[in-house]
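Student: Before anything else, here's the structure in question.
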Amino acid sequence: MTVQQNISIPERLRPFVRQVWTLDTNDLSVYADGCPGIIFQQTDSGLILNENKKLSPIFLYGQTVEPIRMAATDSVKMIVVCFRPHVVHSIFRLSAKEITDDCLDLSLLPPVPRINLTEQLWNTVALEKQTQILFDYMQQLIARNRSRIDAGMEYAATQLWQSGRQLPLKKLQQTLNLSERSFQRKFEQFIGVPPRLFSKIAQFQAAVGQLRSGNFFKLSDVAYDNGYADQSHFIRDFKKFTGLSPLAFHKHPGNAAHPDFPGLTG
């Protein structure tokens, strides 16, 4: 798998977009990284999700909880626009929960005037022009929907991501002046998963970062350094998110090769 990340994000989109990268592969595993996004993919044979669903050329994907695999019989060129965790509802006016562990064909959403997204992307060869088409589409969509960042959900997602499972949810609810039920409902609407699950994903990603860095003596160090009660809890959560044990993940050559892309395995 060839991965590149040298794409500058327009200032207007930076509150919504975390990073953009390109891939050239025919077999891609994706696991929980806390972020939704858009993928534009070009292949003659078609990109298949989990061996049973053919994906459209451009689609919106939600939070990933269960590990997924996308594969094709020939090489696939992709542009991945990775959003910040809390922006799907603001941009697309749909509940982020609706697309958790799923993908949505963007052509099924109301079109943006003067932008035939799929046709324009397919008829453009240069990567720079393709990314510009995507950026123009997003900027017009944000303007049309008058999208604004929800400060409360941005704060909640940021705090949970930085602290993993160390931050009591009750403290967040009190800070945002929301009841437990209202906080959970709003969090799922904007981010796609319950707050407790999101904090577990953050904890898992912190462990992934340590595994990839090699900064540990034994696997139990990774478990305790990242707040797991014991190694069995660590292994159980890791298998839930990746389908692999921490040891098998650590030995997989594709994981060490792409440390800057936390949700991808080639």
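Student: Using a cut-off of 14 Å between beta-carbons, work out the net charge of the residues near LYS97 (Lys and Arg +1, Asp and Glu -1, LYS97 not included). Let's see the in-between values first.
Tutor: Working: positive: ARG93, ARG185, LYS186; negative: GLU98, ASP101, ASP102, GLU188.
My count for the surroundings of LYS97 gives -1.
Student: Sort LEU211, LEU160 so the one with the fewest other Cβ atoms within 10 Å of its own Cβ comes first. Mind dumping the intermediate values first?
Tutor: Numbers: LEU211 21, LEU160 26.
Sorted ascending by nearby Cβ count, the order is LEU211, LEU160.
Student: Oh, and also: Tell me, in nm to one decimal, what length is gained between GLN120 and GLN140 on full extension, where the rule is 0.36 nm per residue of separation less the Cα-Cα distance? Working shown, then result.
Tutor: Values: separation 20, 0.36 × 20 = 7.20 nm, distance 1.53 nm.
Using 0.36 nm per residue and subtracting the Cα-Cα distance, I get 5.7 nm.
Student: Let me ask you something else. Treat each spin label as a single point 7 Å out from the Cα along the C-beta direction, and report the ALA71 to GLU11 distance in nm.
Tutor: It is 4.6 nm.
Student: Dipole size in debye (nearest 20) for the stretch 2-144 around its Cα centre, Lys and Arg Cβ +1, Asp and Glu Cβ -1? Intermediate values should be presented prior to the final figure.
Tutor: Working: 13 positive and 15 negative charges, 116 e Å.
In total the dipole reaches around 560 debye.
Student: Sticking with this structure for a sec: Could you work out [θ]222 nm for the chain from helices alone, using -39500 (n - 2.57) per DSSP H run of at least four and dividing by all its residues? Round to the nearest 500 deg cm²/dmol. Intermediate results must be reported in sequence, preceding the final value.
Tutor: Numbers: 11 runs with 111 residues, N = 266.
It lands at -12500 deg cm²/dmol.
Student: Through the Karplus equation 6.51 cos²θ - 1.76 cosθ + 1.60, θ set to phi - 60°, convert the phi angles of the stretch 129-146 into ³J(HN,Hα) values in whole Hz; use x for Gly and Pro.
Tutor: Working through the residues one at a time gives 6, 5, 5, 5, 4, 5, 5, 4, 4, 5, 5, 5, 5, 4, 5, 4, 8, 6 Hz.
Student: Dipole size in debye (nearest 20) for the stretch 161-245 around its Cα centre, Lys and Arg Cβ +1, Asp and Glu Cβ -1?
Tutor: Working: 13 positive and 6 negative charges, 55 e Å.
Dipole of the stretch 161-245, to the nearest 20 debye: 260 debye.
Student: Just tell me the longest site-free run in the chain, where the sites are trypsin sites (Lys or Arg not before Pro) in a DSSP loop having at most 10 other beta-carbon atoms within 10 Å. Don't skip to the end; give the middle numbers.
Tutor: Details: sites that count: ARG114, ARG146, ARG148, LYS218.
Longest gap between qualifying sites, sites excluded: 1-113.
Student: Now, a different point. How about LYS129: which lysines have a C-alpha closer than 16 Å to its C-alpha, ignoring those fewer than 8 places off in the same chain?
Tutor: Within reach: LYS77.
Student: Also: Using 0.36 nm per residue, how much length does the chain from SER220 to THR175 gain when fully extended, once their Cα-Cα distance is taken away? Please list the in-between numbers first.
Tutor: Values: separation 45, 0.36 × 45 = 16.20 nm, distance 3.45 nm.
Full extension of this stretch gives 12.7 nm more.
Student: A further question follows. Kindly write out, for the stretch 200-211 in residue order, the coupling ³J(HN,Hα) from the Karplus curve 6.51 cos²θ - 1.76 cosθ + 1.60 (θ = phi - 60°), rounded to whole Hz, with x marking Gly and Pro.
Tutor: Result, ordered by residue: 5, 5, 4, 4, 4, 5, 5, 5, 4, x, 5, 4 Hz.
Student: Right, here's the next one. For SER8, SER163, SER75, what's the fewest-to-most ordering of other Cβ within 10 Å of each Cβ? Walk me through the numbers on the way to the answer.
Tutor: On the way: SER8 10, SER163 16, SER75 13.
Result, fewest neighbours first: SER8, SER75, SER163.
Student: With θ set to phi - 60° and the Karplus curve 6.51 cos²θ - 1.76 cosθ + 1.60, what are the ³J(HN,Hα) couplings of the stretch 71-81 in order, to the nearest whole Hz, using x for Gly and Pro?
Tutor: 9, 9, 7, 10, 5, 10, 9, 10, 10, 10, 9
Since every read-out is calculated from the coordinates, none of them should be taken as a lab result. Every value quoted in this text rests on a predicted model; they were computed, and no experiment measured them. Note that each Cβ is placed from the backbone with ideal geometry, even for glycine, and that neighbours are counted across all protein chains shown.
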